[in-house]
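Comments concern the structure below.
Rule-based calculations on the coordinates, nothing more; no lab input. Bear in mind the structure is a predicted one, so any value in this text is a computation, not a measurement. Cβ sites come from the backbone with ideal geometry, for glycine too, and all protein chains shown count toward neighbours.
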Amino acid sequence: MAHPPMMNRQYIDAQHVLTRYLAGQLSDAEREAFETYYVEHPQVLQELEIAAKLKLGLTLLEDSGELDAAPRRHWLPGLAAAALLLAVIAVAVWFAKPPPMLAASLGSLAEFRQAPPLTTRTYTIERTRSRGVDARVRLPPTGAICLQVLPEHSARTYGLRVNELSAGAAPREVASLRALRADTQGLVTVYADPRRWRPGRYEIILSADSTDAASSFLILVEPASSNPSSNQ
């Protein structure tokens, strides 16, 4: 009876255990040792699942006639490398997501992580509606925007959501933040990257996390060429 191998990452990679397992080519001792190993190491289990999905996809392509059966013998040795490639692609897609429009701190904005902007325009937003909107925010050519929202309801923490408003269309959520706290003046402060915003009308919804209470504020975002806002 064969002794079970010392299953570790080096053995798995060197002996192509992932692809051989999927192909049913492991000895009983290897299979038992590998199954015990991947149960204790979730990362290996995830790689196995990726490789299995790739193998299934290739099989479906062959069954549909979109892939010749002749190269099939070359699939299995490359499955581990393909699984790794898929993982790299998944990570790349994740980090390729658009930078945030809004952040709880200036340093959290992607464009200003290395160094803060030289200028930051501050706008205080509270319920007025005297001119149809609660605030007008002008997009600066450089720097960042600081939005200080005055809550209508007291709470320990707040959630903030921004909806873009377009005529004839339903509001579209473009940013959201959670677990925000008011400062000593009672203002909830967030920072916006002007390069991620388009001129137009937006709704800011500030909700108290402890209750269902929420406040809605309408702002008009103006292009940089507009006249300076009165609450700049």
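Gap in Å between the Cα centre of the stretch 16-40 and the Cα centre of the stretch 164-191?
51
For a test of the definition: using alpha carbon positions, the gyration tensor, and the 1.5 limit on a/c, classify the stretch 102-222 as rounded, prolate or oblate.
Numbers: a/c = 1.56, a/b = 1.12, b/c = 1.40.
The shape class here is oblate.
How much length is gained if the chain between residue 154 and residue 126 is pulled fully straight, taking 0.36 nm per residue apart and subtracting their Cα-Cα distance, in nm to one decimal?
Numbers: separation 28, 0.36 × 28 = 10.08 nm, distance 1.41 nm.
The span from residue 154 to residue 126 would gain 8.7 nm if fully extended.
Among the DSSP beta bridges whose two residues both lie in the stretch 102-222, what percent are antiparallel, rounded to the nearest 5? If you can, show how the numbers build up before the last one.
Values: 30 of 40 bridges.
Here the share of antiparallel DSSP bridges comes out near 75 percent.
Taking 0.36 nm per residue of separation and subtracting the Cα-Cα distance, what length does fully extending residue 165 through residue 213 add?
Difference between extended and current length: 15.1 nm.
Roughly speaking, what is the stretch gain from residue 178 to residue 222, that is 0.36 nm per residue apart minus the C-alpha to C-alpha distance, in nm to one decimal?
Stretched out fully, the residue 178 to residue 222 stretch lengthens by 13.2 nm.
Shape verdict for the stretch 116-181, please, from the Cα gyration tensor: rounded (a/c under 1.5), prolate (a/b greater than b/c) or oblate.
Judged from the Cα gyration tensor, the stretch 116-181 comes out rounded (a/c under 1.5).
Highest first, please rank the peptides 205-217, 174-186 by the mean number of other Cβ atoms sitting within 10 Å of their residues.
Final packing ranking: 205-217, 174-186.
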